[in-house]
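Written below as structure tokens is the structure these notes are about.
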Amino acid sequence: MSRSIPFAFFATALAISSAAFGLSDNRSALMAQEKSSAAEVKIDNFSFAPTTLTVSPGATVTWTNRDDIPHTVVSTDDPKIFKSKVLDTGENFSFTFSKIGTYAYFCSLHPKMTGKVVVQ
Amino acid sequence: MSNKKIDELLHDHNHDGVNRRGFLKCMAWAGTGALCVMKGGVLNAYSLSRISEIPAKESAGELSFAQISDSHMGFNKAANPDVAGTLQIAVNKINALTASPEFILHTGDITHLSKSEEFDAVEQILKGANPKDVFYVPGEHDVLNDDGKQFLERYGKASSGAGWYSFDKKGVHFVGLVNVMNLKAGGLGTLGHDQLAWLERDVRHLKHSTPIVVFAHIPLWSVYPEWGWGTEDSAQALSYLKNFGSVTVLNGHIHQTMQRVEGNVTFHTAASTAFPQPQPGKADSPGPMKVPAEQLKGVLGITDVSYVQGQHALAVVDSSLA
């Protein structure tokens with residue numbers, strides 16, 4: 001009994017500090033953590049992975065640049081539905097997709113890099 | 001290597017006296033330090049290490065300038081943690097040339113992230129170069145976040161549209177083009193209708209004997225479309241130049257030297273002063289290529305270009321920073 005109390009205290013302390021950490025993060029990144037990992041797109045080796053990501057309406061997609069060169073995430077629709085600023089290594093961009101549809105995008109620095117988000 | 005005998009003129013298909021095989025062979029030597037000079041359409045090659053032994057009249061040009069490219073100020077990853085240092089070495093290399101270039105062409109990706117302090121840092125380093133005039137064209141890394149506004153404010157005073165312009169030096173006509181704006185998904189570099197119309201007007205009344213130098217960031221020939229290494233409407237631009245006897249196209253973007261001769265046009269891409277990239281298809285993607293630290297300077301470089309009045313083509317010489 002005496003052993004479990006410190007553990008409980010530790011676990012609670014850990015939970016509180018994690019939540020605190022989460023709150024100090026970008027809010028949409030926190031939302032992404034609550035969703036499944038399928039709402040993430042990794043940018044690496046001049047490609048978006050997965051190239052096609054399927055999510056439900058209301059999902060927030062977070063693109064994270066793991067490449068050693070900057071990239072952008074830009075909607076190909078006209079007018080553009082979303083457009084990130086330039087993302088250096090380690091930076092991310094999030095967008096919440098509320099409407100059903102197919103959203104094609106590309107990297108405006110390296111236009112051969114394309115991907116799409118399918119909302120259904 | 002003593003003064004090489006001039007190559008025999010073989011198979012003069014184009015009937016213009018230009019020894020293309022000799023020229024191409026010379027282009028291959030250029031990376032190891034050869035100076036190729038056209039005299040009356042015939043190519044002479046001189047090893048750079050023996051250049052002092054050649055009478056100055058024979059190897060001198062009437063106009064010479066340097067090309068640097070892809071300085072990527074702000075890049076700090078493993079492929080080169082000190083791009084300011086290697087840019088400084090490139091400037092030292094330019095300053096060590098016996099015939100000081102009159103000016104410098106920078107074919108873009110001056111900065112890595114279009115940041116103000118990155119532009120400032122490059123300008124500061126280039127202030128130490130003997131040639132005081134620098135002419136820039138933007139790379140895609142120079143027009144981020146603001147559609148190229150900052151680039152135009154700094155370097156676009158004499159330009160039109162997204163920053164294209166032309167100028168003349170000693171009878172040679174220079175054209176700076178911008179092919180990194182409004183890139184379309186899945187596409188290549190693009191010049192666009194307005195710029196092409198401007199180019200057509202710009203060269204329309206020039207004598208066909210005027211040597212032309214076109215400089216732009218992304219290659220104006222199809223180097224490797226899979227990696228975006230090409231410009232979708234460059235053929236139209238080149239069509240306006242087809243009657244000129246000497247056209248030299250200088251590009252950057254691919255971070256390695258490459259050359260091609262097509263009719264009256266010599267295409268040349270410069271090495272980066274920051275980091276190398278893989279050869280077409282030799283890697284999964286065209287990203288920064290890590291080489292052992294002691295080899296880095298050997299894969300970065302500058303380009304020295306000379307023009308001798310009356311000769312067919314400009315002499316283009318690459319040297320590494322090693």
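The values are calculated or read from the model by the stated rules, or taken from the named source; none is laboratory data. Because the structure is a prediction, the values reported are computed rather than measured. Glycine gets a Cβ as well: all are built from the backbone with ideal geometry, and neighbour counts include every protein chain shown.
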Inset, instruction - Determine if the range B:307-314 includes at least one residue that is at pLDDT 95 or above, touching a strand residue (DSSP E or B) at 6+ places or on another chain (Cβ under 7 Å) and not aliphatic (A, V, I, L, M). - result: no
Legend entry - B:T248 being at negative phi, surrounded by 17 or more Cβ atoms within 10 Å (Cβ to Cβ) and out of contact with any Lys or Arg (no Cβ under 9 Å at 6 or more places or on another chain): yes
Inset, instruction - Any chance you could count how many residues in the range A:45-70 are surrounded by fewer than 19 Cβ atoms within 10 Å (Cβ to Cβ) and within 11 Å of another protein chain (Cβ to nearest Cβ)? - result: 2
Legend entry - Single condition B:P131 does not satisfy, out of (1) over 21 Å from the mean Cα position of the chain (by Cα); (2) assigned to a loop (DSSP other than H, G, I, E, B); (3) more than 12 Å from every other protein chain (Cβ to nearest Cβ): (1)
Inset, instruction - State yes or no: is B:P225 buried (at least 23 other Cβ atoms within 10 Å of the Cβ), within 14 Å of chain A (Cβ to nearest Cβ) and over 18 Å from the mean Cα position of the chain (by Cα)? - result: no
Inset, instruction - Report yes if some residue within the range B:143-158 is outside any strand (DSSP E or B), assigned by TED's automatic domain parsing to the domain that holds B:Y240 and among the hydroxyl-bearing types (S, T, Y); otherwise report no. - result: yes
Inset, instruction - Taking B:Q309 as the residue in question, decide whether it is part of a helix (DSSP H, G or I), more than 14 Å from every other protein chain (Cβ to nearest Cβ), in contact (Cβ under 8 Å) with a residue 24 or more places away in the chain and over 15 Å from the mean Cα position of the chain (by Cα). - result: no
Legend entry - Failed item, numbered, when B:L183 is tested on (1) within 14 Å of chain A (Cβ to nearest Cβ); (2) more than 21 Å from B:S272 (Cβ to Cβ); (3) out of contact with any Phe, Trp or Tyr (no Cβ under 8 Å at 6 or more places or on another chain); (4) buried (at least 18 other Cβ atoms within 10 Å of the Cβ): (2)
Inset, instruction - Would you mention how many residues in the range A:104-120 are surrounded by fewer than 20 Cβ atoms within 10 Å (Cβ to Cβ) and away from chain B (no Cβ under 11 Å)? - result: 3
Legend entry - Residues being crowded, with 22+ Cβ neighbours inside 10 Å and in a strand (DSSP E or B) - total across the range B:159-180: 3
Inset, instruction - For the range A:84-103, name all the residues that are within 14 Å of another protein chain (Cβ to nearest Cβ) and within 16 Å of B:L113 (Cα to Cα). - result: A:S84, A:K85, A:V86, A:L87, A:D88, A:T89, A:G90, A:E91
Legend entry - Scope the range B:259-303; condition surrounded by fewer than 20 Cβ atoms within 10 Å (Cβ to Cβ), farther than 27 Å from B:E118 by Cα and touching a residue at least 24 places away in the same chain (Cβ under 8 Å); matching residues: B:Q259, B:R260, B:V261, B:E262, B:G263, B:P280, B:G281
Inset, instruction - Answer yes if at least one residue in the range B:201-215 is within 14 Å of chain A (Cβ to nearest Cβ), among the aliphatic types (A, V, I, L, M) and either under 17 Å from the mean Cα position of the chain (by Cα) or outside any helix (DSSP H, G or I) (or both), and no otherwise. - result: no
